[in-house]
2 protein chains.
Amino acid sequence: MGYWDGFKGSKWRTTVDVRDFIQANYTEYKGDDSFLEPAADSTEKLWTKLQELFEVQHEQNGVYDMDNNIPATVTSHEPGYLIKEEEKIVGLQTDVPLKQAFMPFGGINMANNALVSNGYEVDDEMTKIFSDWRKTHNQGVFDAYTPEMRAARKNKIITGLPDAYGRGRIIGDYRRLALYGIDFLIAEKKKDLSNVGNKVMTDDVIRLREEVSDQIKALVDIKEMATYYGFDISKPAKNAQEAIQWLYFGYLAAIKSQNGAAMSIGRISAFLDIYIQRDLENGVINEAEAQELIDHLIMKLRMVKFARTPEYNQLFSGYPIWATLSIAGMGIDGRSLVTKNDFRILHTLTNMGPSPEPNLTVLYSSHLPEGFRTYAAKIAKESSSIQFENDDLLRANWGSDDCAIACCVSATVMGKDMQFFGARANLAKAVLYAINGGVDEVTKAQVAPRFRPMTGDTLNYDEFITRYKDMLDWLAELYVNTLNVIHYMHDKYAYEAPQLAFMDTDLKRTFATGIAGISHAADSIMAIKHGNVQVIRDEDGLAVDYVPQNEFPTYGNDNEEADAMANWILDYFMTQIKRQHTYRNSTPTTSLLTITSNVVYGKATGNTPDGRRAGKPLAPGANPSYQDGKFLGEKNGLLASLNSTARLAYTSALDGISNTQTINPNGLGKDDDTRINNLRNVMDGYFDRGGYHLNVNVFTTDLLLDAQAHPEKYPNLTIRVSGYAVKFRDLTPEQQADVISRTAHDRM
Amino acid sequence: MGYWDGFKGSKWRTTVDVRDFIQANYTEYKGDDSFLEPAADSTEKLWTKLQELFEVQHEQNGVYDMDNNIPATVTSHEPGYLIKEEEKIVGLQTDVPLKQAFMPFGGINMANNALVSNGYEVDDEMTKIFSDWRKTHNQGVFDAYTPEMRAARKNKIITGLPDAYGRGRIIGDYRRLALYGIDFLIAEKKKDLSNVGNKVMTDDVIRLREEVSDQIKALVDIKEMATYYGFDISKPAKNAQEAIQWLYFGYLAAIKSQNGAAMSIGRISAFLDIYIQRDLENGVINEAEAQELIDHLIMKLRMVKFARTPEYNQLFSGYPIWATLSIAGMGIDGRSLVTKNDFRILHTLTNMGPSPEPNLTVLYSSHLPEGFRTYAAKIAKESSSIQFENDDLLRANWGSDDCAIACCVSATVMGKDMQFFGARANLAKAVLYAINGGVDEVTKAQVAPRFRPMTGDTLNYDEFITRYKDMLDWLAELYVNTLNVIHYMHDKYAYEAPQLAFMDTDLKRTFATGIAGISHAADSIMAIKHGNVQVIRDEDGLAVDYVPQNEFPTYGNDNEEADAMANWILDYFMTQIKRQHTYRNSTPTTSLLTITSNVVYGKATGNTPDGRRAGKPLAPGANPSYQDGKFLGEKNGLLASLNSTARLAYTSALDGISNTQTINPNGLGKDDDTRINNLRNVMDGYFDRGGYHLNVNVFTTDLLLDAQAHPEKYPNLTIRVSGYAVKFRDLTPEQQADVISRTAHDRM
């Protein structure tokens, strides 16, 4: 059979257009989960073996083994296997399962710290090479930083900057490899190269020409890498197994060569279903074999590991790598993109139990077939391992039904967009800087310009707002320019050629800033406006504590004024962000997303005027504040909280708005069917109202307390935190305490 | 005694301003050479030892020894000595005299070819490092080149591009190290860094910030390197020996870390004389010891070596490295800058015999003291090792009396300017492209756009000029954009931090293009206009030969029309060059300079309409054509030739106009005194008429013929070729033949 036999459509045949191929060939599925098959024998064997390795890894603080002297490239390692004869899909990052590669291009100190902190030896020759002869991304950034940038970073008004780790958030469209084979992609990139620039060699043209040349070399390397595993990927895949294998080889090249913060795999479900469906119809495989292939692919995604430092693990607890995989979603022609494969992918959580990776993401709409919405709600309730994003908002704002989520909540159109990821600015701390004239409340350092501080015993709203705007103006400018440095150097010293090779040459680039502490900023301003906040000062006159005298409205309780305040902050800050020069004229966006870094950020943030105590975690992402002091907390139940979050303007935060909720099963109803139906109905309502994202956890706080006390009883307990899923036992003690302290809604 | 005791002036004390220091402190010398002292005992011993090493080097094709696995950096090697206890000035490029360092940053293939072609082994680990992990300048350039650029390069319409070797032509102001010590320079660069950019991080600002950071690191490395030799260079030099040593350490850092085409040391004579004069006056040293210090410094400059490939040696024959050292010149206040040191430096050619390096360059003016002009003429006559540049033109066009020459004829203001060197376009070949519609006459490839060719049996002037303009328009655009790629990549992959560290952060950058074949282009157009040129075509109709029927005026014979034609070509091409976008908004310039590459370029250029035969060398630089065919050659003697060259507009060729002349001693007069006086008078007249440059050779063709037949008799015979001096025995056979075929004027 020919590669493309039986496929319909024409446009995709002569030019790279995976979406056109999908639209012309996919089979929408409106049924339920009854067709699904259990794990195959090979899956059981492999998964059993892998769990043994996971145990070793867990006992060794997340490290099974590490390289210290093979700089990781696409072709740096011999092939490796879990159980060679059982694997339907092959390919490891290194030559041994779970062994972490040595990745010095981002920063030799980082790479060496990861080794030393895990008890491995540093290789002096490597240190010499990547210090004396080959500059790294990290070194480049610090060579160009200004003292102000270093101070802002050190004092954590800007945090989590990807200057000591890979920016990630780039999704290669690895489907292209399966559909076209690598020779076609090389030929297309060569054609592109011949059309980059027209005689005049500006820096931009030269840079892009070099990048495309590097992409072509990367494709050649990937072809060679596949031969190590015995495959010739020159030509398109000719069946489902090859399609999955080819696609995975593309992704494998990415995770072999880059330790980006989020190494997402994108939207692959309907695409692969077309190959599976063809094989099923032609009797090449049966459903059990189809599930086996999907299970094996997912198992590979569960095995991805990167060497990381203790500091990194503090920020992003539980070793997440964001192999985010997006499923479902609606088509712009009104059909849903749900196929049997979306069921198969969710079913891996049953066949192999819950798992943090891949970061399974349902592109949700109330227009999706009810069978699928019900099944997704069921799996969410059972596993607390999946997240939901509003597909109606994605299509409306990104103009495509081929979006995927990178990392947690960042939308990107497959193969068309890339993101300059930029972590986040702490807008709760900015409130304190506005009050103290730019002096950091924790370190006492003058970090922002010497703006006039607020004096007096209580805080005046009008005086405060003027100062807060000044502070946000300064912060937005500094923040964007810090990111300009980072991305210039990332392109220079750690360019992701193997990923960009699977994307259009003429790329849309977004410049993704982020905001931490939105709820505390909003609540603090509401407190200043309505709460008659008394100021307590230290011996130097620095405001160090605040006592609201009166009750005030807070964000997260369906109060329109408080919710509008959160939107005002978002809009004002984003407006300032947009005024700046951005690297490569990328399009500025922002996110309300902290991942688990809310704990570290909170630790570095003093008492806030809303009554939150110094050092306590910030509320994660766009979540409302937890109960703290007299007036904070979600007091009106789940739906009120969701209504507040849904009011935040996605158009001002196109990099995403993260919302993590925990619901007591009893709050959803008395029996499983009721609970599943109610959860589905809650999501229908939330997303119809414009909510962007929901991490769904269904369990009781008691369960977590028991897991905290007896981790050995819950080796696989997986929960959703801000933006990803994580094994509870892998969280740091502080993160566990933070999760437990969050509101678990007992009522809708 | 304090570092600066006895020095006058104030401005230079608080800010880096070496010129101000010189102006306030130097002692003009108007006497003759009678004060000079012979070589010291130590000098004799060192020079004898060095000549032994040179013999070994000569027997081994210019290679004494080579490194293959230590990438050269400022601190990569242990200290090395010739005879440690005899050396007043210390410091070698590697740990062994004349051993060539391994320099892979410009290109690993280049570095490896240099090894292999000289019988050394390639180190596989190094190849891996500089292929897989650390991209080189050469790789970067070829990643970005367009097919048109590759074709132009391959077909040699653009030639000698610094894409496989270092661009050179950058002169660090190493005097700064002696005057200020390295700590002050580090502090100044740190101050600069804090003032690069104002908040907004454009690519330009980021790049410069990184560069200044790299410069600071380089200064720290240089300080460390000096400690290997037992010196603490933190503080200013406190006597002449330290001043020379500090200055040389600065230069040494450059030649340890970069193999630029021209590693010039700049204008250091009056500066060092100030230190020597102070020591003489204070009885610290006597004149013999002063000469000893200068001899030892010059000896170090004679020892500089770089590993190079056979292709490079073909282009630039005899292993030149252009340690160009500029002396004399006038001050803008009317005093000359001649000091005793200018005599001492020329005197090294007597004390240690003639030598190609350093490339001794007299900044000449008829206003220089007669004693010095006479002495310079004497040394030129005796050694044929020095060149002269028009200092009146330098001051008028560069606005400074602190210019130095980089390489051969490229002016640069010390510490203020750098140059993006760009080799040259072959305008003689462009004549043939204009006739043949962009088809190369040698390779038959379509290189330029498919412009309309000239048909018919004879060449019409008006038709030709239209086509030639089209061709120059195309060539200028392509050439500049090719150089844009090269310099972008050079900055990216082989940035000269140790050199730029001794220059202003706010630098003026020139973009130095170059022209080869000016005389053949001018003569060919004169032939087309006046000579009724018959065309001979091959079987495809391509014009392959030309027969001028009538005599026509030629450049180099004091004919105003022919000389004006050369100026028209220069002006037209330069005007097109100026229209282009240049990297970092550098200022475009051009040169009429071929160095010895005129032989290689001529080899690749077909028959020209002026009657020059295919494959014959082009006339070098701005030199008139040699006799070839019926009508070519300098027929009116030396002065007529000089008059023609002096007519070329330096304002259109601010990168320099090279003129190399050989005079039969008898043509200058009957006895030595007459010859010296006549030579001085010839130069006074030539430079007063606006001639820019003169390489002076005084010998007979017979001498060269004898040296060609019996090289063993002339181990140190040194001659001036286009832009540098070279040992005759080190020239390739083709270059020797070219030199012999040049006009040796028998009459003035």
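The values are calculated or read from the model by the stated rules, or taken from the named source; none is laboratory data. This one's a predicted model, so the numbers in the text were calculated from it and none came from an experiment. We place every Cβ from the backbone using ideal geometry, glycine too, and count neighbours over all the protein chains shown. SASA here: full protein model, heavy atoms, side chains in, ligands and nucleic acids out. Shrake-Rupley method; radii C 1.70, N 1.55, O 1.52, S 1.80 Å.
In the stretch A:184-226, what residues are under 22 Å from A:W12 (Cβ atoms), within 30 Å of the chain's Cα centre (by Cα) and among the polar types (S, T, N, Q)?
A:Q215
Condition test on B:N585, is it within 14 Å of chain A (Cβ to nearest Cβ) and open to solvent by 10 Å² or more (accessible area, probe 1.4 Å)?
Taking the combined requirement at face value, the residue satisfies it.
Tell me yes or no: at least one residue of the stretch B:301-311 is at pLDDT 95 or above, over 19 Å from the mean Cα position of the chain (by Cα) and under 30 Å from B:Q23 (Cβ atoms).
No, every residue in the stretch B:301-311 fails to be at pLDDT 95 or above, over 19 Å from the mean Cα position of the chain (by Cα) and under 30 Å from B:Q23 (Cβ atoms).
Restricting to the stretch B:701-710, give me the number of residues that are open to solvent by 10 Å² or more (accessible area, probe 1.4 Å), within 25 Å of B:T361 (Cβ to Cβ) and within 26 Å of the chain's Cα centre (by Cα).
Number of matching residues: 0.
With respect to the numbered conditions (1) surrounded by 23 or more Cβ atoms within 10 Å (Cβ to Cβ); (2) more than 25 Å from A:A516 (Cα to Cα); (3) of a type in the set (D, E, K, R), which one is the sole condition not fulfilled by A:K713?
Looking at each condition in turn, A:K713 falls short on (1).
In the stretch A:227-260, which residues are small (G, A, S), surrounded by 24 or more Cβ atoms within 10 Å (Cβ to Cβ) and in contact with a Lys or Arg (Cβ under 8 Å, 6 or more places away or on another chain)?
The answer is A:A240, A:G250, A:G260.
The rows are residues; the columns are (1) out of contact with any Gly (no Cβ under 7 Å at 6 or more places or on another chain); (2) within 16 Å of A:A744 (Cβ to Cβ); (3) in contact (Cβ under 8 Å) with a residue 40 or more places away in the chain.
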| position | (1), (2), (3) |
| --- | --- |
| A:Q627 | no, yes, yes |
| A:N636 | yes, yes, yes |
| A:S644 | no, no, yes |
| A:R675 | no, yes, yes |
| A:V682 | yes, yes, yes |
| A:R689 | yes, no, yes |
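Inspect all residues belonging to the stretch B:537-552 and state whether any of them is touching a helix residue (DSSP H, G or I) at 6+ places or on another chain (Cβ under 8 Å), closer than 22 Å to B:Y686 by Cβ and in contact (Cβ under 8 Å) with a residue 12 or more places away in the chain.
no
For the list (1) open to solvent by 10 Å² or more (accessible area, probe 1.4 Å); (2) modelled with pLDDT under 95; (3) not in a helix (DSSP H, G or I), I need the number of the one condition that B:M110 fails.
(3)
Given (1) assigned to a loop (DSSP other than H, G, I, E, B); (2) within 18 Å of A:A262 (Cβ to Cβ), where does A:E389 come up short, assuming only one miss?
Unmet for A:E389, out of (1) assigned to a loop (DSSP other than H, G, I, E, B); (2) within 18 Å of A:A262 (Cβ to Cβ): (1).
Take the conditions part of a helix (DSSP H, G or I) and closer than 21 Å to A:T350 by Cα and apply them to A:R729. Does it pass?
Against the criterion (part of a helix (DSSP H, G or I) and closer than 21 Å to A:T350 by Cα), A:R729 qualifies.
If you check every pair at least six apart or on different chains, which have Cβ atoms under 7 Å apart with a residue in the stretch B:469-493 that is within 8 Å of another protein chain (Cβ to nearest Cβ) first and a residue that is acidic (D, E) and surrounded by fewer than 24 Cβ atoms within 10 Å (Cβ to Cβ) second?
B:L478/B:E148; B:Y488/A:D203
Can you give me the number of residues within the stretch A:34-48 that are over 28 Å from the mean Cα position of the chain (by Cα), assigned to a helix (DSSP H, G or I) and in contact (Cβ under 8 Å) with a residue 24 or more places away in the chain?
Summing the residues that are over 28 Å from the mean Cα position of the chain (by Cα), assigned to a helix (DSSP H, G or I) and in contact (Cβ under 8 Å) with a residue 24 or more places away in the chain in the stretch A:34-48 gives 3.
For the stretch B:627-639, how many residues meet the condition of being surrounded by fewer than 22 Cβ atoms within 10 Å (Cβ to Cβ) and within 26 Å of the chain's Cα centre (by Cα)?
Matching residues across the stretch B:627-639 total 1.
Check B:K429, B:K381 and return the single one that is over 17 Å from the mean Cα position of the chain (by Cα) and either part of a strand (DSSP E or B) or buried (at least 24 other Cβ atoms within 10 Å of the Cβ) (or both).
That would be B:K429, the only listed residue that is over 17 Å from the mean Cα position of the chain (by Cα) and either part of a strand (DSSP E or B) or buried (at least 24 other Cβ atoms within 10 Å of the Cβ) (or both).
Are any of the residues in the stretch B:441-453 assigned to a helix (DSSP H, G or I), within 14 Å of another protein chain (Cβ to nearest Cβ), open to solvent by less than 10 Å² (accessible area, probe 1.4 Å) and among the aliphatic types (A, V, I, L, M)?
Looking through the stretch B:441-453, none of the residues is assigned to a helix (DSSP H, G or I), within 14 Å of another protein chain (Cβ to nearest Cβ), open to solvent by less than 10 Å² (accessible area, probe 1.4 Å) and among the aliphatic types (A, V, I, L, M).
Can you pull out every residue in the stretch B:580-615 that is assigned to a strand (DSSP E or B) and among the β-branched types (V, I, T)?
The initial filter retains those residues of the stretch B:580-615 that are assigned to a strand (DSSP E or B), namely B:587-592.
B:T587, B:T589, B:T590, listed by residue number.
Does A:I182 count as among the hydrophobic types (A, V, I, L, M, F, W, C) and over 30 Å from A:E281 (Cβ atoms)?
no
Out of everything in the stretch A:530-566 that is of a type in the set (A, V, I, L, M, F, W, C), closer than 19 Å to A:K616 by Cα and under 37 Å from the mean Cα position of the chain (by Cα), what residue ends up being surrounded by the most Cβ atoms within 10 Å (Cβ to Cβ)?
A:A543
Do we have B:E389 as crowded, with 21+ Cβ neighbours inside 10 Å, in contact with a strand residue (DSSP E or B) (Cβ under 6 Å, 6 or more places away or on another chain) and at pLDDT 95 or above here?
For B:E389, the condition - crowded, with 21+ Cβ neighbours inside 10 Å, in contact with a strand residue (DSSP E or B) (Cβ under 6 Å, 6 or more places away or on another chain) and at pLDDT 95 or above - is met.
If we only count helices (runs of 4 or more DSSP H) wholly inside the stretch B:124-226, which ones have 2 or more residues that are aliphatic (A, V, I, L, M), away from chain A (no Cβ under 14 Å) and open to solvent by 10 Å² or more (accessible area, probe 1.4 Å)? Spell out the reasoning first.
Numbers: elements: B:124-128, B:137-144, B:147-154, B:175-194.
The helices (runs of 4 or more DSSP H) meeting that bar are B:175-194.
Does the stretch B:89-105 contain any residue that is crowded, with 18+ Cβ neighbours inside 10 Å, in a helix (DSSP H, G or I), away from chain A (no Cβ under 14 Å) and not aromatic (F, W, Y)?
Checked the stretch B:89-105: no residue is crowded, with 18+ Cβ neighbours inside 10 Å, in a helix (DSSP H, G or I), away from chain A (no Cβ under 14 Å) and not aromatic (F, W, Y).
Against the conditions (1) away from chain A (no Cβ under 14 Å); (2) in contact with a Phe, Trp or Tyr (Cβ under 6 Å, 6 or more places away or on another chain), where does B:P71 fall short? Just the number, please.
(1)
Within the stretch B:73-112, restricting attention to residues that are touching a residue at least 12 places away in the same chain (Cβ under 8 Å) and of a type in the set (D, E), which residue is farthest from B:F130 (Cα to Cα)?
B:E86
Assuming B:N69 fulfils every condition listed in (1) assigned to a strand (DSSP E or B); (2) open to solvent by less than 20 Å² (accessible area, probe 1.4 Å) apart from one, which condition is it?
Going through (1) assigned to a strand (DSSP E or B); (2) open to solvent by less than 20 Å² (accessible area, probe 1.4 Å) one by one, B:N69 breaks only (2).
Would you call A:Q57 under 24 Å from the mean Cα position of the chain (by Cα) and more than 14 Å from chain B (Cβ to nearest Cβ)?
Working: under 24 Å from the mean Cα position of the chain (by Cα): yes; more than 14 Å from chain B (Cβ to nearest Cβ): yes.
Against the criterion (under 24 Å from the mean Cα position of the chain (by Cα) and more than 14 Å from chain B (Cβ to nearest Cβ)), A:Q57 qualifies.
Looking only at the stretch A:732-748, which residues are of a type outside the set (A, V, I, L, M), part of a helix (DSSP H, G or I) and surrounded by fewer than 17 Cβ atoms within 10 Å (Cβ to Cβ)?
Scanning the stretch A:732-748 gives A:P733, A:E734, A:S741.
Here is a check on your reading of the model: is B:K8 open to solvent by 60 Å² or more (accessible area, probe 1.4 Å), modelled with pLDDT of 95 or more and either assigned to a helix (DSSP H, G or I) or of a type in the set (V, I, T) (or both)?
no
Could you please find all residues in the stretch A:641-685 being over 14 Å from A:K381 (Cα atoms), in contact with an Asp or Glu (Cβ under 6 Å, 6 or more places away or on another chain) and open to solvent by 10 Å² or more (accessible area, probe 1.4 Å)?
Of everything in the stretch A:641-685, those that are over 14 Å from A:K381 (Cα atoms), in contact with an Asp or Glu (Cβ under 6 Å, 6 or more places away or on another chain) and open to solvent by 10 Å² or more (accessible area, probe 1.4 Å) turn out to be A:N643, A:R647, A:S652.
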